[in-house]
Protein chains: 2
Amino acid sequence: MLQISEKATDMPASAIRKLVPLSDAAEAEGVKVYHLNVGAPDIQSPDCVFDALRARCDQLKNISYTNSAGLMDLRRGMAEKYYKSIGLDVSPDELLITEGGSESFSVAMQIVANPGDEIIVVEPFYTNYKTFAYLYGITLKVVQTNIRDSFAVPSMDAFEKLVTPWTKAVLISNPCNPSGKLFTKTEMLQIGAFCKKHDLFLISDEVYREFCYTSEPHFSALSIPDCEQNVILADSVSKRYNLCGTRIGCMVSRNKHVMAAMLKFAQSRLCPPLLGQYAALGALDTPQSYFDEVRKEYIQRRNCVVAALNQMPGVFSPMPYGAFYTVAQLPVDDAERFAKWLLTTFRADGETVMITPASGFFLTTGVGRNYARIAYVLEVPALERAMAILARALQEYPGRTL
Amino acid sequence: MLQISEKATDMPASAIRKLVPLSDAAEAEGVKVYHLNVGAPDIQSPDCVFDALRARCDQLKNISYTNSAGLMDLRRGMAEKYYKSIGLDVSPDELLITEGGSESFSVAMQIVANPGDEIIVVEPFYTNYKTFAYLYGITLKVVQTNIRDSFAVPSMDAFEKLVTPWTKAVLISNPCNPSGKLFTKTEMLQIGAFCKKHDLFLISDEVYREFCYTSEPHFSALSIPDCEQNVILADSVSKRYNLCGTRIGCMVSRNKHVMAAMLKFAQSRLCPPLLGQYAALGALDTPQSYFDEVRKEYIQRRNCVVAALNQMPGVFSPMPYGAFYTVAQLPVDDAERFAKWLLTTFRADGETVMITPASGFFLTTGVGRNYARIAYVLEVPALERAMAILARALQEYPGRTL
């Protein structure tokens, strides 16, 4: 019998995206859905992006391949304009343009680990780490945290206990998708020392670096002293400039073996998208005022959402200090069932909300079953309305536990 | 010791791209290099592409994610404008937008085969089939052909002999990169019947479909009767509209299990590049006259190159009937050594040529060692000059075997 592979059959579907058909159906019926589910902000991209693209349209003869590592102008620009502006000393040779942050960390996982090897992650973590670990036959080992503790990183003992001869790396996202947790400098130094001690790579996914809401600057893994060879940075222009659809990110590492391996992987997909590279090149001229405005806006949005959540009976959300998400504990039997019910059944004056059930961000069985990830990617009035709808839904949901 | 994975260490480097640093160095010295090495044509993209992009730049607020399967407008447009125009009845549900043809066939390989499974390929074949087979732990089994026979597909006995309980698919490129071989309708029907008989998938990479130089229309795997469930088509807008850098392709299959699996893979990389999708949408309005002109141009280029090659002492090139490549047998000890020598040492009045050693397109040991792939992607006067340089180089090369 003609059959697809077990690998494809057993592959988990994206927790974030599998509700999409239900929301499409609701919208087709004329229901207004407030999308708190995807990290796709409504913020305008900087004007310099479109100016750069228009200029290219007038000059281009065709849209050709670039070097597999990306346009040298973009590599140089990222190193000399962007990284320099945030105090990181990166040379173009230490930087390779990828198809979004996704390609960067997914290839990094293969560069550090063979099938059967292990990578340590801190729970909750970005759901596609699990997808790629599955595809590459890598086992994820989990450091547990606690929502009541704001998902603080526990003592290094929790990491030490997970080390085996097969452990190859620690993989974190900082600020964290889904929890909005911002790793402190102290935490980063400890994780760096742990990686150094056990000869592990540290894959640091920092695509939300521009979204930090403390007075301290973001502390990048690249800044950990004496850890140069261990660190692999996954980065992206997606969130920084509201260019998610360009599919342009980068990998940064000072480890020459890592970069040489990355180039081989990059060659297999020929090149990163040229038009997205041009957009990213244009984005390098974004004025600081753009980031200041965006940050101010997100602080308002966060404050609005977190306050509203904690006012709902039985709901708890810690205060996130980075990214544009929070993970909230809900008084429901099962957040996935609740999210489906919101899309298929519940209507508040013809409106509803879409949230992401958070169990996909956990590996430990049972943990996160009544948690949801809320992306605060709408304007404050829309968020206020969405929170009111959510509050009402929690009162009416048949599977409520209060 | 901190070490990258064996998987990354042992991964083969791209045969096509590993000479790039040498050509960069030559060009940095002021040497003019005629690039016969990459399938990156110099032909202008249709005007409607840039018109569409300009219009989007004026409308867009930001560059956001699309559905993982691509924009519905593009899926519909490809089905209803492009595939319909070439006589193929495809519905948008049977079509998913990919990151170039590369993502399409590389995911198809994983959808049909587990690690340890086998896929049958016809030699010579596109070098990245080998790369992806390596990455996914799939074994390629090879049907050999003969350059003197114009790489004709041998009798089905050659395929039958390779079948084991682990065989899952046949993978072809038609027209073929690197050989320019065009599969005849008879060959396609035989391969289809073979796949049907053994319950194998047929992955058909048809990214060069628009480049056929016989009076017969291209015979797509989708046209094989009674083989609907077996066929997975890998396609791309790269070559068709000279949009290689957009990284937009598609997978087409009437097999619902295949498409459902493809969507899971697609979700893991979030979405195909938006700007490239807009370019591809614009390209759907390309007038037939564009393709007629391009085809006429390539026939002239092919005739120029193949005639010139066969006039060189000891050189043999069959006549290719598709794509824009030919594989030529050269009177040299080793085509890779020769290609390097061309870039590092040989100069004809300050000029040289870059060719692709063909051994990367073969798996059978020793075969193809003195073959090169020549891409006829320059205008006729440049090709004439490049052929004159190649002829002179073959006379002077220290490792010549004539």
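Go through the stretch A:10-45 and give me each residue that's at the interface with chain B (Cβ under 9 Å from one of its Cβ atoms), in a helix (DSSP H, G or I) and in contact with a Lys or Arg (Cβ under 7 Å, 6 or more places away or on another chain). Once the filter is applied, which keeps residues that are at the interface with chain B (Cβ under 9 Å from one of its Cβ atoms), in a helix (DSSP H, G or I) and in contact with a Lys or Arg (Cβ under 7 Å, 6 or more places away or on another chain), the stretch A:10-45 yields nothing. Filtered by the rule that a residue be facing chain A (nearest Cβ under 10 Å) and in contact (Cβ under 8 Å) with a residue 40 or more places away in the chain, the stretch B:115-129 gives B:117, B:127, B:128. For the stretch A:295-336, a residue qualifies if it is out of contact with any helix residue (DSSP H, G or I) (no Cβ under 8 Å at 6 or more places or on another chain), surrounded by 21 or more Cβ atoms within 10 Å (Cβ to Cβ) and part of a helix (DSSP H, G or I), and the qualifying residues are A:298, A:302. Return yes or no: is residue B:382 touching a residue at least 24 places away in the same chain (Cβ under 8 Å), surrounded by fewer than 20 Cβ atoms within 10 Å (Cβ to Cβ) and not basic (Lys, Arg)? Judged against the criteria, residue B:382 is a match. The selection criterion, being in contact with a Phe, Trp or Tyr (Cβ under 6 Å, 6 or more places away or on another chain) and in contact (Cβ under 8 Å) with a residue 12 or more places away in the chain, holds for residue A:46. With respect to (1) over 18 Å from the mean Cα position of the chain (by Cα); (2) more than 30 Å from residue A:10 (Cβ to Cβ), the lone exception for residue A:175 is condition (1).
Residue A:80 meets all of the listed conditions (1) at the interface with chain B (Cβ under 10 Å from one of its Cβ atoms); (2) without any contact (Cβ under 8 Å) to a residue 40 or more places away in the chain; (3) under 21 Å from residue A:285 (Cα atoms) but one, namely (1).
Looking only at the stretch A:102-115, decide whether some residue is closer than 21 Å to residue A:208 by Cα, modelled with pLDDT under 95 and out of contact with any Gly (no Cβ under 8 Å at 6 or more places or on another chain). Write out each step before concluding.
Let us first name the residues in the stretch A:102-115 that are closer than 21 Å to residue A:208 by Cα, namely A:102-109.
Cutting the leftovers down to modelled with pLDDT under 95 gives us none.
Checked against the condition, which is being closer than 21 Å to residue A:208 by Cα, modelled with pLDDT under 95 and out of contact with any Gly (no Cβ under 8 Å at 6 or more places or on another chain), the stretch A:102-115 yields no hits at all.
Scanning the stretch B:246-270 for residues that are free of Cβ contacts under 8 Å to residues at least 24 places away in the same chain and either facing chain A (nearest Cβ under 8 Å) or of a type in the set (Lys, Arg) (or both) gives B:256, B:257, B:264, B:268. Here the condition is being loosely packed, with under 15 Cβ neighbours inside 10 Å and among the polar types (S, T, N, Q); of B:356, B:401, it holds for B:401 alone.
Within the stretch A:91-99, can one find any residue that is free of Cβ contacts under 8 Å to residues at least 40 places away in the same chain, over 28 Å from residue A:377 (Cα atoms) and within 14 Å of chain B (Cβ to nearest Cβ)? Within the stretch A:91-99, one or more residues are free of Cβ contacts under 8 Å to residues at least 40 places away in the same chain, over 28 Å from residue A:377 (Cα atoms) and within 14 Å of chain B (Cβ to nearest Cβ).
One residue stands out in the stretch B:233-268 among those that are among the small types (Gly, Ala, Ser) and part of a helix (DSSP H, G or I): the one that is nearest to residue B:39 (Cα to Cα), namely B:245.
A count restricted to the stretch B:301-334 and to residues that are under 18 Å from residue B:214 (Cα atoms) and over 22 Å from the mean Cα position of the chain (by Cα) stands at 1. Taking into account only those residues within the stretch A:274-319 that are in contact with an Asp or Glu (Cβ under 7 Å, 6 or more places away or on another chain) and within 22 Å of residue A:57 (Cα to Cα), which is farthest from the other protein chains (Cβ to nearest Cβ)? By that ranking, first place goes to A:281.
Using the structure shown, decide if residue B:368 is buried (at least 20 other Cβ atoms within 10 Å of the Cβ) and part of a loop (DSSP other than H, G, I, E, B). For residue B:368, the condition - buried (at least 20 other Cβ atoms within 10 Å of the Cβ) and part of a loop (DSSP other than H, G, I, E, B) - is met. Could you say whether any residue in the stretch B:54-71 is under 27 Å from the mean Cα position of the chain (by Cα) and either in a helix (DSSP H, G or I) or aromatic (Phe, Trp, Tyr) (or both)? There is no residue in the stretch B:54-71 that is under 27 Å from the mean Cα position of the chain (by Cα) and either in a helix (DSSP H, G or I) or aromatic (Phe, Trp, Tyr) (or both).
Taken over the stretch A:353-400, the criterion of being within 21 Å of the chain's Cα centre (by Cα) and aromatic (Phe, Trp, Tyr) is satisfied by A:361, A:362, A:371, A:376. Of all the criteria given as (1) within 13 Å of chain A (Cβ to nearest Cβ); (2) in a loop (DSSP other than H, G, I, E, B); (3) crowded, with 21+ Cβ neighbours inside 10 Å, the one not satisfied by residue B:203 is (2).
Checked against the criterion of being within 16 Å of residue A:279 (Cβ to Cβ), at pLDDT below 95 and facing chain B (nearest Cβ under 10 Å), the stretch A:46-57 contains one or more residues that satisfy it.
So, in the stretch A:3-18, of the ones that are under 16 Å from residue B:201 (Cα atoms) and not polar (S, T, N, Q), which residue ends up surrounded by the most Cβ atoms within 10 Å (Cβ to Cβ)? Lay out the reasoning, then the answer.
Within the stretch A:3-18, the first condition is being under 16 Å from residue B:201 (Cα atoms), and the residues that meet it are A:3-9.
With not polar (S, T, N, Q) added as a condition, the list becomes A:4, A:6-8.
On the way: A:4: 21, A:6: 11, A:7: 20, A:8: 23.
Only one residue fits best here, namely A:8.
For the stretch B:215-227, the criterion of being more than 14 Å from chain A (Cβ to nearest Cβ), in a loop (DSSP other than H, G, I, E, B) and in contact with a Phe, Trp or Tyr (Cβ under 8 Å, 6 or more places away or on another chain) is met by at least one residue. Of all the listed residues (A:261, A:279, A:335), the sole one being closer than 26 Å to residue A:150 by Cα and either in the same structural domain as residue A:146 (by TED's automatic domain parsing) or of a type in the set (Gly, Ala, Ser) (or both) is A:335. Does residue A:271 satisfy the condition of being part of a loop (DSSP other than H, G, I, E, B), under 30 Å from residue B:66 (Cβ atoms) and not acidic (Asp, Glu)? Considered against the rule, which asks whether it is part of a loop (DSSP other than H, G, I, E, B), under 30 Å from residue B:66 (Cβ atoms) and not acidic (Asp, Glu), residue A:271 comes out as yes.
The values are calculated or read from the model by the stated rules, or taken from the named source; none is laboratory data. Note that the structure is predicted; figures quoted are calculated from it, not measured. Note that we place each Cβ from the backbone using ideal geometry, even for glycine, and neighbour counts take in every protein chain shown.
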